[in-house]
Amino acid sequence: TYIDPINNKFGAVAHPISLGSSRKIKIKDGYISTTTNLNIEKSYRGSVGCISAKPKDYIGKFTDNTDFGIKGDIVKFDTSNYEKYKVASLNEVKTGNAQIILQTSNEGSKKFDIENLNIENQKTPKSKTFKIHITDKELLNKTNGVIKGMSGSPIIQGDKIVGAVTHAIVGDNAKGYGIFITTMLKEGED
């Protein structure tokens, strides 16, 4: 989801890595990598599709599996050629047009249009903060909607990162949920 270029800390996935829907896995060591051989299995009514790929180059490690994703350190990955985004405050996250950044081919990531449908006013952080709707025809053609493997995809409005994709809605494939980026960043603080 993000890499802080100042301290090389990263956060990803936007929900815990778990067994089934409720058992968060305790993790001693985990590793992240770039990928190759990306494959997309489309969603269909009643079933959520999936993005799969093979690991390529090791770029970091993590030991934290939090309620809002994995946290760790980038070890060897040059971020200098990647676009940088400001972090949106909670009051800057709006309903309406937004984009997700997602890799759907071996050529790299790109932006796809979505819409933030509603934003829940929360007293305590949750992983389903706002509902999203994929509106990008190219992405819908490739995936039929939100699929497994999209979790943690950054959600952008203007020049700011506002959140990340967390969940699909089974039976309404073009819709899913997102979480505030500030929630992920706060969970990652030491």
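Key figures for this structure:
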| item | result |
| --- | --- |
| Residue count, the stretch 1-50 (criterion: at pLDDT 90 or above, in a strand (DSSP E or B) and open to solvent by less than 60 Å² (accessible area, probe 1.4 Å)) | 14 |
| Which numbered condition GLU138 misses (of (1) modelled with pLDDT of 95 or more; (2) within 17 Å of the chain's Cα centre (by Cα)) | (2) |
| Count - residues of the stretch 51-66 that are surrounded by fewer than 16 Cβ atoms within 10 Å (Cβ to Cβ) and in contact with an Asp or Glu (Cβ under 8 Å, 6 or more places away or on another chain) | 3 |
| Where LEU102 falls short, out of the listed (1) under 15 Å from the mean Cα position of the chain (by Cα); (2) open to solvent by 90 Å² or more (accessible area, probe 1.4 Å); (3) of a type in the set (A, V, I, L, M, F, W, C) | (2) |
| THR129 being open to solvent by less than 80 Å² (accessible area, probe 1.4 Å), touching a strand residue (DSSP E or B) at 6+ places or on another chain (Cβ under 9 Å), closer than 29 Å to ASN37 by Cα and modelled with pLDDT under 95 | no |
| Residues that are part of a loop (DSSP other than H, G, I, E, B) and hydrophobic (A, V, I, L, M, F, W, C), drawn from the stretch 55-73 | PHE68 |
| Any hit, the stretch 51-68, residues being acidic (Asp, Glu) and in contact with a Lys or Arg (Cβ under 6 Å, 6 or more places away or on another chain) | yes |
| Within the stretch 136-164, tally of residues that are more than 21 Å from LYS84 (Cβ to Cβ) and in contact (Cβ under 8 Å) with a residue 24 or more places away in the chain | 14 |
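The values are calculated or read from the model by the stated rules, or taken from the named source; none is laboratory data. Just so we're clear, the structure is a prediction, and the values are computed from it rather than from any experiment. We place every Cβ from the backbone using ideal geometry, glycine too, and count neighbours over all the protein chains shown. Quick note on the areas: whole protein, heavy atoms, side chains included, nothing else; ligands and nucleic acids left out. Shrake-Rupley method; radii C 1.70, N 1.55, O 1.52, S 1.80 Å.
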